[in-house]
Amino acid sequence: MDYAISVHDLTKVFGSFTAVDRLSLNIKPGEICGFLGPNGAGKTTAIRMLCGILTPTSGFGQILGYDLIKESEKIKPHIGYMSQKFSLYDDLTVEENLSFYAGLYSLPNSERKNRIKEMITMAQLTSREDEVVANLSGGWKQRLALGCAIIGRPSIVFLDEPTSGVSPTSRRDFFTIIQKLANQGTTVIVTTHFMDEAERCNRIAFISAGQLLAMDTPDNLKQSAVEGFMVELDLPQAIDQIDRIEQQLYVRECSLHGPLLHVLLDNESNVKELEELVGKSARPITPTLEDVFIALAKKKRKQVVR
Amino acid sequence: MSRILSVLKKEFIQMRRDRLTFALVFMMPLIQLLLFGYAIQTEVKHIPTIVFDQSLTNESRELLASFSASGYFDVIKTAKNYAEVNQAIAVANSIGLLKSQEILAQKVQFQGPPYDIRVRPWYNPDGITAYFMVPAILGIIVTMTMVIITAVAIVRERERGTLEQLLVTPIKPYELMIGKILPYIALGYIQITVALVVAVTVFDVPIKGSLLELYLLTLFFITASLGLGIFISNIAKTQMQAFQMSFFVMLPSILLSGFMFPRDAMPQFIYYLSAFIPLTYYLDIIRGIILKGIGFQYLVGQVTALLVFSIVLLIVSTLKFKKKIV
Ligand SMILES: Nc1ncnc2c1ncn2[C@@H]1O[C@H](COP(=O)(O)OP(=O)(O)OP(=O)(O)O)[C@@H](O)[C@H]1O
Ligand SMILES: [Mg+2]
């Protein structure tokens, strides 16, 4: 088995709407793969198909060597899943939730106690074992949900926006846990809207309108996914200048990053023209992931419009 | 096995912490039985009575006097012909009708018995009493609770999003069904015990047959009700829908099972329809054991019917439950 996940042309059609369009992926064991894309891009739908709880309209593939369509029940003991919607039992305690999933994944009785304790430590929930989940706040709940998803030592975990609605510190802690998991050989599929999290993935899959637009390491994406020449401008009242700059024929993109403007030019020779226009010097930069994201999403929109 | 146990344990914990379940199991039998039981049991006195005296003799006047003296009848009107009688009944301010014939007067002079009185309660011909109703109410309470509680069992998880999580685990549909149903069987028994205690202590309902037999045969009724509930849970999309479907099922149960009206008096179509209601069979069982003291050998047909219900509903529900989201 070379790939943990290998799927071809996975498609999901709801009525007349194609939510996922011919998605093909090859993901190696131990890899952290980030799914990035605007709302409604089809990330959740794709993950549900990979987990075997949503039947693809067409396409085929293998998860851990099992056939995605015919052997979905054989896959289930080996995967963990954290759905986008919070999905623990609110009226059970931390320990009861973990114990429930330990049972569902048939953990041997002898190691169950230890494994639950491990998960509690991992989720930093020590001394709150007997608290009802309803009383926990966002970050804790999320780490507990992760605990429930990985208590059966899955080979692959699917995390659907695990860090939405969680404080920045909690997010950082959470991703550190994910990286530890990957180091131990677990394959991680994670959807996110945060660029700093995307940076920490081994590879990023850009999905927009159901299609996989690019899939590569963060560095490669920044180098190659954006066509053109990127410069940074430091202007007063930068926000008011965007329209004027975007009107220039040689400008492909102009967007605000904090106080700075990122301008994507057709090529390097346009730098002079831009500097004359704004009366300030422009500094060439490598695009950030966000630039990549914006450029790819825009490219996709133009294709759709045509 | 470990998976069934896990679900069992979880359901028990959730059941214990859910106040609504608690209220359904303990309060429903108490309140319903007391309400219905008393409404039916209360001895009817001071019945507004219309007299249609066709003989108008001394004897008939004496007879009427003794009737009013008993306290059961209040003569509010004297009718002169049948038309007046019918009208009085139609507007429903009178329930009793007393008719004495002129021959009575002659009879008295020869030999006793002096009067030939036939009591004919037109609107309760079988003389239904609390004894008769209380066991039936018990059946209704159990089936209602079981159907409603299980009807929301799976839908609730779907609405809360916990079902999606369950679908990704290796659990098998039958394991989930068993794990979800077993705790409710226990609940059904607790409830029936509460109800029986009320029936015996408050209404003095004598249990003529074997209590053990009643408990054993009740199992099939509980499983049939749970099967119905689980089936609803599988097809309902929301908890609201599950509730509505439960009521849709309960209403015919109450009306057609023979709880309200004797089945023999029903039109043929309705009679056959009522054969598809578990309560129909349980009424025979519970009334039979409690009131007539009959045993299993007379109830084989009913038990078989309930068993078939349970098996079919549970199997269909299990097969219908797909580990996919829709
Ligand atoms: N069961 C369904 N029936 C019909 N349409 C659906 C269904 N599930 C999803 N969709 C549609 O498919 C599209 C993709 O949805 P999906 O949830 O996969 O997007 P997403 O990338 O996860 O978005 P988000 O970032 O908001 O979570 C959406 O337009 C959604 O409305
Ligand atoms: Mg989503």
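Since every read-out is calculated from the coordinates, none of them should be taken as a lab result. No experiment lies behind these values; they were computed from the predicted model shown. Backbone-built Cβ (ideal geometry, glycine too); neighbour counts: all protein chains shown.
Under the definition of partner shielding as Cβ atoms of other protein chains within 10 Å of a residue Cβ, what is the mean value for peptide A:47-53? Don't jump to the answer; show the numbers that get you there.
Working: counts 0, 5, 0, 0, 4, 4, 10.
Per residue, the number of nearby Cβ atoms from other chains is 3 on average.
Along the positive direction of the dipole of the protein assembly as shown (beta-carbon charges: Lys, Arg +1; Asp, Glu -1; about the Cα centre), which of A:T186, B:L217, A:I75 reaches farthest?
B:L217
Please work out whether region A:1-40 counts as rounded, prolate or oblate from its C-alpha gyration tensor, where a ≥ b ≥ c are the square roots of the eigenvalues and a/c under 1.5 means rounded, while otherwise a/b larger than b/c means prolate and anything else oblate? Could you put the intermediate results ahead of the total?
Working: a/c = 4.40, a/b = 1.74, b/c = 2.53.
Because a/c hits 1.5 or more and a/b fails to exceed b/c, region A:1-40 counts as oblate.
Return the percentage of antiparallel bridges among DSSP beta bridges fully within the protein assembly as shown, rounded to the nearest 5 %. Walk me through the intermediate numbers first.
On the way: 33 of 60 bridges.
Antiparallel bridges make up about 55 percent of those DSSP assigns within the protein assembly as shown.
Using θ = phi - 60° and the Karplus form 6.51 cos²θ - 1.76 cosθ + 1.60, what ³J(HN,Hα) does each residue of region B:72-86 get, whole Hz, x for Gly and Pro?
7, 10, 10, 6, 9, 6, 10, 8, 9, 8, 4, 4, 5, 4, 4
Starting from the amide H of A:G80, placed 1.01 Å from N in the peptide plane, find each other amide H under 5 Å away whose residue is 5 or more places distant or on another chain.
Under 5 Å from the amide H of A:G80 lie the amide H atoms of A:I156, A:V157, A:F158, each far enough along the sequence or on another chain.
Amide H of B:Q54: which non-local residues (sequence gap of 5 or more, or other chain) have their own amide H closer than 5 Å, using H built in the peptide plane?
B:S100
Shielding by partners for A:81-89, please: the mean number of other protein chain Cβ atoms within 10 Å of each residue's Cβ.
Details: counts 5, 2, 8, 2, 5, 4, 9, 4, 7.
Mean partner shielding for this stretch: 5.
Among the listed pairs A:K28/B:K324; B:K180/B:K324; A:K180/A:K298, which have their C-alpha atoms separated by more than 28 angstrom in this model?
Working: A:K28/B:K324 26 Å; B:K180/B:K324 19 Å; A:K180/A:K298 35 Å.
Among A:K28/B:K324; B:K180/B:K324; A:K180/A:K298, the Cα-Cα distance tops 28 Å for A:K180/A:K298.
For A:146-153, what's the mean count of beta carbons from other chains sitting within 10 Å of each residue's beta carbon? If you can, show how the numbers build up before the last one.
On the way: counts 0, 0, 2, 3, 0, 0, 2, 0.
Mean partner-chain Cβ count within 10 Å for A:146-153: 1.
Which value in deg cm²/dmol, rounded to the nearest 500, describes the helix-derived mean residue ellipticity at 222 nm for chain A, given -39,500 (n - 2.57) per DSSP H run of n ≥ 4 and division by the residue count?
Here the helix-only value at 222 nm equals -10500 deg cm²/dmol.
Nothing charged except the Cβ atoms of Lys and Arg (+1) and of Asp and Glu (-1): what's the magnitude of the dipole of the protein assembly as shown about its Cα centre? Round to the nearest 20 debye.
Working: 62 positive and 57 negative charges, 242 e Å.
Using only the charged Cβ atoms, the result is roughly 1160 debye.
Quote the charge dipole size of region A:5-217 about the Cα centre in Debye, to the nearest 20; the model charges only the Cβ of Lys and Arg (+1) and of Asp and Glu (-1).
Working: 22 positive and 22 negative charges, 59 e Å.
So the magnitude is around 280 debye.
Roughly what % of DSSP beta bridges within chain A run antiparallel, to the nearest 5? Show your work: numbers first, answer last.
Working: 33 of 50 bridges.
Percentage antiparallel, nearest 5: 65.
Name the residues whose placed amide hydrogens come within less than 5 Å of the amide hydrogen of A:F35, ignoring near sequence neighbours (fewer than 5 apart) on the same chain.
A:V190, A:T191, A:T192, A:A205
Which is farthest toward the positive dipole end of region A:227-286 among A:Q248, A:V278, A:N267, measuring Cα position about the Cα centre, with Cβ charges +1 (Lys, Arg) and -1 (Asp, Glu)?
A:V278
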